[in-house]
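Input: a single structure, listed below in structure tokens.
The values are calculated or read from the model by the stated rules, or taken from the named source; none is laboratory data. Quantities reported herein were computed from a predicted structural model and do not represent experimental measurements. Heads up, the Cβs are rebuilt from the backbone with ideal geometry, glycines too, and the neighbour counts pull from every protein chain shown.
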Amino acid sequence: MRKFVALLALWMLLPVGAWAQSWGDLTGRIVFDGTPPKPRPLKITKDVQVFGNKGLVDESLVVGPDGGLANVVIYLTKPRRVKIHPELKNQVPKEVVIDNKDGRFVPRVATVWLGVQKLIYKNSDPVSHNCNCQPFNDNPANPLLEPGGTFHHMLSFPQFVPVPISCNIHPWMRGYVLPRSNPYMAVTDKHGRFVIPKLPAGVELQFRMWHEKIGYLRGVEVNGQKLNRGRFTIILRPGKNDLGQIRVPASVFAGK
């Protein structure tokens, strides 16, 4: 009994942060290590009068002028039932819009927090498109979108990798969407940067990195670990946790 009372007294003297849940942000920058290939012009075979002069190029590998590798997806995979910061539901956009614009999907790669965010397909072009998305074990969609049209794709099942989106009318168009059951995911911008905010600190977290050209990232070291099928683990400190510059060798993309 005396031991219990002593432990209770010690616990009460600890600062609030010692037992309250703390949170951390995960940041980093992914860069292409080498000379990136010149973007290949796309062959426009439909509605040439609309898209033929847009200068469309293959965007399956986008490297910024500063070497940043765009459209890498970083997402939490374990624990599957993770604590979610209570403020995030009110801070994320309620809709994730993938627009058919200038013969492209914009953005090319998107993420959706299931049950919180709606996935909307939109057509800002003067001609019709369709958005063909066939997620595993979930509702498929292939709506015809006339100019100005929109479509709400009802999703309910988290995916292990991003799901392709295509337009059967304009076969050069390609996009991806990753639906997950938590908000802890990000897509690198044109500078290769990403931020995943308000993650639980003090617990082991497992993430995966994916890029459309090669699938799971490989040949890369993250947080002192060589990626295994794109995976790395980390225990975050409260506040900012920066992975620094993550270099992806050009050889990884050779022949892809």
Whichever residue in segment 231-247 is closer than 30 Å to M173 by Cα and out of contact with any Ser or Thr (no Cβ under 9 Å at 6 or more places or on another chain) and, among such residues, is surrounded by the most Cβ atoms within 10 Å (Cβ to Cβ): I246
Considering N100, N139, N132, which residue is outside the structural domain of V222 (by TED's automatic domain parsing) and surrounded by fewer than 13 Cβ atoms within 10 Å (Cβ to Cβ)? N139
Filter pass, Y75 being outside the structural domain of V48 (by TED's automatic domain parsing) and surrounded by 14 or more Cβ atoms within 10 Å (Cβ to Cβ): no
Go through segment 130-186 residue by residue and tally those that are β-branched (V, I, T) and touching a Ser or Thr at 6+ places or on another chain (Cβ under 9 Å). 2
Run D47 past the list (1) modelled with pLDDT under 95; (2) more than 24 Å from the chain's Cα centre (by Cα) and report the number of the one that doesn't hold. (1)
I'd like to know if segment 166-181 contains one or more residues that are within 18 Å of P93 (Cα to Cα), assigned to a loop (DSSP other than H, G, I, E, B), hydroxyl-bearing (S, T, Y) and in contact (Cβ under 8 Å) with a residue 60 or more places away in the chain. yes
Quick check: anything in segment 157-179 surrounded by fewer than 16 Cβ atoms within 10 Å (Cβ to Cβ) and among the hydroxyl-bearing types (S, T, Y)? no
Against the condition in a loop (DSSP other than H, G, I, E, B), surrounded by fewer than 20 Cβ atoms within 10 Å (Cβ to Cβ) and in the same structural domain as V73 (by TED's automatic domain parsing), how does K213 come out, does it pass? yes
Taking R229 and the conditions (1) in contact with a Gly (Cβ under 7 Å, 6 or more places away or on another chain); (2) free of Cβ contacts under 8 Å to residues at least 40 places away in the same chain; (3) among the basic types (K, R), which numbered condition does it fall short on, given that it satisfies the others? (1)
